[in-house]
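Data first, discussion second: the structure below is written as structure tokens.
The values are calculated or read from the model by the stated rules, or taken from the named source; none is laboratory data. Values in this document were obtained by computation on a predicted structure and should not be read as measured data. Note that we place each Cβ from the backbone using ideal geometry, even for glycine, and neighbour counts take in every protein chain shown. The accessibility values were calculated without ligands, DNA or RNA, using every heavy atom of the protein model including side chains. Shrake-Rupley method; radii C 1.70, N 1.55, O 1.52, S 1.80 Å.
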Amino acid sequence: MTWMEISAISAAAAFIILVFFAVRMLLAATQTLSKLKETIDQSKASLARTTEQTDLLLKQVGQLTEDAHAQVKVLKSTFHSIDQAGTAIGDVAAALRNATRVLNQSIHGAEQVIHTHQKRVQDAIEWATTGIELWHKWQAHRNAKSDT
């Protein structure tokens, strides 16, 4: 065996090792992104449950406010203070709705980022796989030439 052949074999072995670790790293990144997506999905489900509970609470608060207004009609002296409490509850409800909307937008943005990076990782894996296939074909062609 000549030094050229030993060098070529060493370079090929180094390339195989490099590709193996690159593919392994890309697979790990894909798994991490998948777990991140699952976590975001769980957060989104939790947010949806919280939103439903908040809406139920807001309906109950609205019912309480209506009851309070009925009592205000009977007790005219306290009407003004109870009306202000109803306005404050409305402000809290509006703030909760705005917070829920902003949180939903943030989760949607995070999902888009995950999908974007997942495509990049898949593309990198495809390129690495194509490189390995081309290297194998080149080696087979080279070995076929050396056998003849």
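Descriptive notes on the structure:
- Single match in 26, 58 (criterion: more than 27 Å from residue 117 (Cβ to Cβ), touching a helix residue (DSSP H, G or I) at 6+ places or on another chain (Cβ under 6 Å) and surrounded by 12 or more Cβ atoms within 10 Å (Cβ to Cβ)): 58
- Pair list, Cβ < 7 Å and 6+ apart or interchain, from the stretch 38-64 residues that are small (Gly, Ala, Ser) to residues that are in a helix (DSSP H, G or I): 43/107
Every residue, every condition in (1) of a type in the set (Val, Ile, Thr); (2) part of a helix (DSSP H, G or I); (3) more than 31 Å from the chain's Cα centre (by Cα), yes or no:
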residue	(1), (2), (3)
4	no, yes, yes
11	no, yes, yes
18	no, yes, no
25	no, yes, no
33	no, yes, no
40	yes, yes, no
84	no, yes, yes
89	yes, yes, yes
104	no, yes, no
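- Residue match in the stretch 32-49 (condition: over 30 Å from residue 116 (Cα atoms) and surrounded by 13 or more Cβ atoms within 10 Å (Cβ to Cβ)): no
- When restricted to residues that are of a type outside the set (S, T, N, Q), open to solvent by 100 Å² or more (accessible area, probe 1.4 Å) and modelled with pLDDT of 70 or more, the stretch 68-90 contains 3.
- Sub-7 Å Cβ pairs linking a first residue in the stretch 120-137 that is of a type in the set (Gly, Ala, Ser) to a second residue that is open to solvent by less than 50 Å² (accessible area, probe 1.4 Å) and assigned to a helix (DSSP H, G or I), at least 6 apart or interchain, are 124/26; 128/19; 128/22; 128/23; 128/26; 131/19, ordered by first then second residue.
Yes/no per residue for (1) over 18 Å from the mean Cα position of the chain (by Cα); (2) modelled with pLDDT of 85 or more; (3) not aromatic (Phe, Trp, Tyr):
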| position | (1), (2), (3) |
| --- | --- |
| 92 | yes, no, yes |
| 132 | yes, yes, yes |
| 135 | yes, yes, no |
| 141 | yes, yes, yes |
